[in-house]
Amino acid sequence: MILKEALLKGMNEVGVLFKEEEIFVPEVLVAARAMNKGVEVLKPYLKQDDNQVKGSVVLGTVKGDLHDIGKNLVRIMMEGKGIVVYDLGTDVPAEKFVEEALDKQVDIICCSALLTTTMPEMKKVVDIVKERELDIKVMIGGAPVTQDYCEEIGADYYTDDATSASEVAAQIILEKGN
């Protein structure tokens with residue numbers, strides 16, 4: 001409740017104000033730092049003791065993109081569902097997503113992008129997974145990403161927020177029977 005109704009709602013408002021040029025990068029950074037501190041306080045309470053999902057994902061922001069606030073929220077929400085998350089960080093090339101997914105034997109590759117110019121890297125991930133006929137789902141998300149783009153590049157899933165990403169990931173893993 002606190003995460004969704006206060007922290008995320010506040011960051012959404014910060015995003016709107018930034019887009020409307022009512023605040024600028026320094027204010028956005030201060031808000032993001034405050035939100036990260038709040039999330040750290042909440043993190044122990046986001047854990048679910050019952051019905052823990054048994055599965056794993058690799059998660060990262062695609063090559064050319066250094067934004068990680070949304071990715072970090074997704075990681076925290078997934079961990080709260082009991083999913084093991086291998087966070088690759090930012091500026092991750094398509095090949096690294098796939099290599100790490102194979103090495104860690106994960107169920108899902110989760111790609112994030114905030115810049116439209118970096119979104120084509122998501123398609124590269126999808127293409128590699130399909131070329132190699134891997135049994136790994138690809139989930140994409142980020143501010144400029146849409147369901148239409150997901151369908152256009154052939155990704156398996158799109159979610160528009162951290163809560164949905166964790167719920168969809170948990171459902172995928174449960175359906176796989178891990």
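The values are calculated or read from the model by the stated rules, or taken from the named source; none is laboratory data. Predicted model only: the values in this text are computed from it and were never measured. Positions of Cβ are generated from backbone atoms using ideal geometry, with glycine treated the same way; all protein chains shown enter the neighbour counts. For accessibility, only protein heavy atoms count, side chains too; no ligands or nucleic acids. Shrake-Rupley method; radii C 1.70, N 1.55, O 1.52, S 1.80 Å.
One table, with the values for the structure above:
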item	result
Under 5 Å, built H, 5+ apart or other chain: amide partners of Ile23	Phe18
Computed helical MRE - 222 nm, the chain, DSSP H runs ≥ 4 contributing -39500 (n - 2.57), nearest 500	-16000 deg cm²/dmol
Thr146 paired with Ala34, simple spin-label distance in nm, labels 7 Å along Cα-to-beta-carbon	3.2 nm
Heavy-atom accessible area per residue - the chain, 1.4 Å, Å²	55 Å²
Cα-Cα over 22 Å, subset of Lys9/Lys43; Lys9/Lys137; Lys54/Lys137; Lys81/Lys137; Lys43/Lys124; Lys71/Lys123	Lys9/Lys137; Lys43/Lys124
Alpha-carbon centroid distance for the pair segment 65-130 / segment 146-178, whole angstrom	12 Å
FRET efficiency, Ala6 to Glu133 (Cβ-Cβ, R0 41 Å, nearest 0.05)	0.40
The chain - percent relative contact order, Cα under 8 Å, separation 6 or more	20 percent
Computed Rg/Rh of the chain, alpha carbon atoms with Kirkwood Rh	0.96
Val41 paired with Glu27, simple spin-label distance in nm, labels 7 Å along Cα-to-beta-carbon	2.3 nm
Sorted largest first, extent of segment 1-47 alpha carbons per principal axis (Å)	37, 17, 10
Rounded to whole Hz, the Karplus (6.51, -1.76, 1.60) HN-Hα couplings of segment 109-120, x for glycine and proline	9, 10, 10, 10, 8, 10, 9, 4, 5, 9, 4, x
Residues whose placed amide H lies under 5 Å from that of Thr159, excluding near-sequence neighbours	Ile140
Hydrodynamic radius (Kirkwood) for segment 75-131, which is based on Cα pairs only, to one decimal in Å	12.2 Å
Around Ile2: net Lys/Arg minus Asp/Glu count, Cβ-Cβ under 14 Å	+2
Segment 33-133: radius of gyration over Cα atoms, expressed as a fraction of 2.2 N^0.38 Å	1.12
